[in-house]
Amino acid sequence: MHPAKIIFVLFLVFSGFKIFGQDIVPKRRVLILTDIENEPDDTQSMIRFLTYSNHWDVEGLIATTSIHQQKKVAPEKIKQLIQVYGKVRNNLLLHEKGFPETDYLLSITKSSIPEFGMQAVGKGKDSEGSEWIIKVIDKKDDRPVWIPVWGGANCLAQALWKVKMTRTPDDLKKFVSRIRMYTISDQDDTGPWIRKNFPELFYVGSPGYHAAGAYHYATWSGISGDRFHGRFTGANFDIVDNPWLDKNIRNHGPLGAEYPVTKFLMEGDTPSFLGLIENGLNDPEHPEFGGWGGRYELYTPRTLKYFYEPETRPIYTDAMDEVKGIDSFYHTSNKATLWRWREAFQNDFAARMDWTVKPYEEANHPPKAKLKHAHSLLARSGEKVVLDAGDSSDPDGNFLSYEWIYYPEPGSYNSKEPIGISNIHAAATFFMAPKVTQPETIHIILAVSDNGKPVLSRYKRVIVTVFPE
């Protein structure tokens, strides 16, 4: 090898680039806060969550209040759904391992106190829910705890308040560093309080309100919101509408029978955990990369809008993607970061509901996307970059199709023009690294889909760092 190339490679290795191998991600720890029973969508989201519960170490299901349900918590509804899940758990285990036992899920179902917002924070406001949050985060486990917040955040706020009042600053900092939080809007006034008082906390917030108190069209509404206030176009609405849900979800055994008719928005809370599903696309530690739950960028306080009060810290919040819709037009919006994956995550849920009632041989299972090279690649401008997914496979022996998707927004390379992938539908293909004047990153998503019913997809993300000639 030429000496200059040796120096170049050594520089990249010691600069921290991952050149070889593909990361193996351990199960993530997840604890849900939900204002279940305020409207049907929390129940809908809980049913989907339970069908994916083998993807995570579920460590808490806590009933809370919210702006929509200020004096009531409903742990009994969570427990009722867990009991129904117990009727189909054995069938789910025919398809994948790891679904938690019913008794365990019942044991981690807790309640916050039935008070709204900051009225539930302070001395004498501890609850079994807030105490459980502290216990979970304090476990001797190096993995962070992901906390999707479907309603108000006051139960978590109380846990943070107590730790702040009873521990040293260093111990508080350690406690906060172990939390990963995603809120479906500010559904009480504790969200702003948390952001102000714990500025180091990893916080993804899809706000949902403007100054007048009405709904802003936040990223999470892209889960099913094409006809919500008549504002969204481009995505397929049919697969989130009640007729599709009747056919693919509600008529599937006892768990499907619990799935309520949509009243406002289908599963408005589901985006909080869609990005935690292990599908090869999602990278929860990098909300700016984008995935099934949408894409979120780190914004400075000056650029933040639509929160209850002015922000004092950066926060991950709604980002924009330009996506071609079913109407053949390109749509640029934060909702598009989520609905661009809608057919894939709806089909995936439909397959999971099949698993609750069908034997293995009669159901479809996701393919296994696999690269023949590392997921982090290096190239100089003008060099050929080979992309190869030829080792991908399907557990059901289905035919596989491939798509290489250039995803410009997460990368630093700014061009929205196609990068010239030779054949986006080939298992193996290539492109020529574009001309750059400084190191730039390019994100390419491999989508591998089978031809089963429903069609299922899995992914690999390739990040190419391009250096100048």
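Structure data summary
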read-out: Residue in segment 207-230 that is of a type in the set (A, V, I, L, M), in the same structural domain as Ala336 (by TED's automatic domain parsing), closer than 22 Å to Pro144 by Cα and at pLDDT 70 or above present; value: no
read-out: Enumeration of residues in segment 401-425 that are under 29 Å from Glu362 (Cβ atoms) and in contact with a Pro (Cβ under 6 Å, 6 or more places away or on another chain); value: none
read-out: The lone exception for Ala63 - which of (1) more than 25 Å from Thr262 (Cβ to Cβ); (2) crowded, with 24+ Cβ neighbours inside 10 Å it fails; value: (1)
read-out: Flag if Asp126 is within 23 Å of Gln69 (Cβ to Cβ), at pLDDT 95 or above, assigned by TED's automatic domain parsing to the domain that holds Val58 and charged (D, E, K, R); value: yes
read-out: Failed item, numbered, when Glu278 is tested on (1) modelled with pLDDT under 95; (2) charged (D, E, K, R); (3) under 22 Å from the mean Cα position of the chain (by Cα); value: (1)
read-out: Scan of segment 153-185 for residues that are in a loop (DSSP other than H, G, I, E, B), farther than 20 Å from Asp318 by Cβ and not basic (Lys, Arg), ordered by number; value: Thr168
read-out: Top-ranked residue of segment 77-114 - restricted to ones that are over 26 Å from the mean Cα position of the chain (by Cα), surrounded by fewer than 18 Cβ atoms within 10 Å (Cβ to Cβ) and free of Cβ contacts under 8 Å to residues at least 60 places away in the same chain, ranked as nearest to Ile36 (Cα to Cα); value: Pro114
read-out: Enumerated strands (runs of 3 or more DSSP E) restricted to segment 311-365, each holding at least 1 residues that are over 17 Å from Asn282 (Cβ atoms) and hydroxyl-bearing (Ser, Thr, Tyr); value: 315-318, 330-333
read-out: Hits in segment 384-395 - residues which are surrounded by 16 or more Cβ atoms within 10 Å (Cβ to Cβ) and either at pLDDT below 95 or not in a strand (DSSP E or B) (or both); value: Ala389, Ser392, Asp394
read-out: Any hit, segment 186-202, residues being assigned to a strand (DSSP E or B) and crowded, with 18+ Cβ neighbours inside 10 Å; value: yes
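The values are calculated or read from the model by the stated rules, or taken from the named source; none is laboratory data. Note that the structure is predicted; figures quoted are calculated from it, not measured. All Cβ positions, glycine included, derive from the backbone under ideal geometry; neighbour counts span all protein chains shown.
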